[in-house]
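First comes the structure, then the notes that go with it.
The values are calculated or read from the model by the stated rules, or taken from the named source; none is laboratory data. These figures come from a predicted structure and were not determined experimentally. Cβ placement follows ideal geometry from the backbone for every residue including glycine, while neighbour counts extend to all protein chains displayed.
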Amino acid sequence: MSVTLGPRHLRPGRTHHTITDANGHRKFPPFVKLEIAQCSGHKECYLFHICEDGTMTDTWHRTVQEALDQAEWEFGVHRDEWKIAMSEPSRS
């Protein structure tokens, strides 16, 4: 599932995500897209927060419902805004 963040969404959002690396601590650039990924056969999923430059972070959730709730609380994304994308299993 994915959604592009636009002017109607809360930006930067209600939580603060930081990058920690050899350059120290800093805030992420603004997020422009969210994606929810779930492995086949599992209830757990990740909510990916994606920046325009491709930098991203994620949060882990017990269910897709919890990830949707997080996106709604954090950014104001409504459930009807999400687009469903199905990926095909890789073939060897």
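List of remarks:
- Qualifying residue in the stretch 20-41 (condition: of a type in the set (A, V, I, L, M), out of contact with any His (no Cβ under 7 Å at 6 or more places or on another chain) and more than 18 Å from VAL3 (Cβ to Cβ)): yes
- Single residue of the stretch 1-20 satisfying the filter (modelled with pLDDT of 90 or more and exposed (fewer than 10 other Cβ atoms within 10 Å of the Cβ)) that is farthest from the chain's Cα centre (by Cα): THR20
- Of all residues in the stretch 1-55, those satisfying the criterion of being of a type outside the set (S, T, N, Q), more than 20 Å from GLU81 (Cα to Cα), assigned to a loop (DSSP other than H, G, I, E, B) and touching a Phe, Trp or Tyr at 6+ places or on another chain (Cβ under 8 Å) are HIS17, GLU44.
- Residues satisfying the stated conditions in the stretch 40-65, i.e. out of contact with any strand residue (DSSP E or B) (no Cβ under 8 Å at 6 or more places or on another chain) and either free of Cβ contacts under 8 Å to residues at least 12 places away in the same chain or at positive phi (or both): GLY41, HIS42, GLY54, GLN65
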